[in-house]
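Below is one structure, written out as structure tokens; the observations come after it.
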Amino acid sequence: MDAVKDMPAGHDKTSLIIYRPENKGVMNDIRCYLKLTDMDGKDVTYTACTATYEWASIPNVVNQYKKKYFLSGGMAMHLKLKKGRYNITLTTPVDQQANFTYSDPSTVPFDWQSNTFTYDTQNPTKVIFVYPTYNENGFYNGSWIVDYREHK
């Protein structure tokens with residue numbers, strides 16, 4: 001039996017890569033944590049998928065998560081999902097922001113949230129990207145963007 005020949009052609013619809021490109025400075029070390037919810041709003045992060053990760057600088061070396069599913073700058077998360085539709089968000093709680101200094105000192109620290117990205121295993125994309133947001137002066141300002149396009 002030829003394993004490669006017997007594999008179905010095309011992308012496995014229940015596999016998704018979430019890639020977070022490298023950032024500048026301390027931002028690389030600030031983790032954003034995955035939250036996966038079903039269409040009823042139920043948290044299914046650890047019941048509807050499994051995840052592994054690799055570093056972009058060390059490709060093809062698969063690592064297992066020990067506890068929570070997270071991304072740091074330069075990481076790619078590989079999700080294996082059960083069939084269905086899911087809302088994907090990423091968040092960084094205040095206590096995980098590694099003493100991040102806000103450009104506006106009057107800003108009270110808050111949990112960083114991303115937009116919601118809806119993923120359907122029946123109409124999949126192979127990769128989505130996660131980026132920190134920044135203000136008009138180029139300073140990171142405390143949230144995440146999840147998108148199907150790579151931002152440059």
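Expressed as a fraction of 2.2 N^0.38 Å, the rule-of-thumb size for a compact globular protein of N residues, what is the C-alpha radius of gyration of the chain? Can you show the working numbers first?
Working: Rg = 16.6 Å, N = 152, 2.2 N^0.38 = 14.8 Å.
So the Cα radius of gyration is 1.12 times the expected 2.2 N^0.38 Å.
Once Lys and Arg get +1 and Asp and Glu get -1 on their Cβ, which of T107, W144, A76 lies farthest toward the positive end of the dipole of the chain?
Final value for the positive-end residue is A76.
Restricting to Cα pairs below 8 Å that are 6+ residues apart, what does the relative contact order work out to for the chain? Please round to a whole percent.
In percent, rounded to a whole number, it is 27.
Whenever you get a sec, compute what percent of the accessible area on segment 1-143 sits on carbon and sulfur atoms (1.4 Å probe).
Values: 4570 of 8710 Å².
Carbon and sulfur: 52 percent of the exposed surface of segment 1-143.
Solvent-accessible area per residue for the chain at a 1.4 Å probe radius, Å²? List each step's numbers first, then the result.
Details: 9450 Å² over 152 residues.
That works out to 62 Å² per residue.
Largest first and in whole Å, what are the equivalent-ellipsoid semi-axes of segment 72-152 based on the Cα gyration tensor, each being the root of 5 times an eigenvalue? Mind dumping the intermediate values first?
Numbers: eigenvalues 155, 37, 24 Å².
Taking √(5λ) for each Cα gyration eigenvalue gives 28, 14, 11 Å.
How high is the FRET efficiency from S57 to Y102, r the C-beta distance, R0 41 Å, rounded to 0.05? List each step's numbers first, then the result.
Numbers: r = 29 Å, r/R0 = 0.70.
After rounding, the FRET efficiency stands at 0.90.
The values are calculated or read from the model by the stated rules, or taken from the named source; none is laboratory data. None of the values given here were measured: they were computed from a predicted structure. Note: ideal-geometry Cβ built from the backbone for every residue, glycine included; neighbour counts use all protein chains shown. Calculation scope for accessible area: heavy atoms of the full protein, side chains included, ligands and nucleic acids excluded. Shrake-Rupley method; radii C 1.70, N 1.55, O 1.52, S 1.80 Å.
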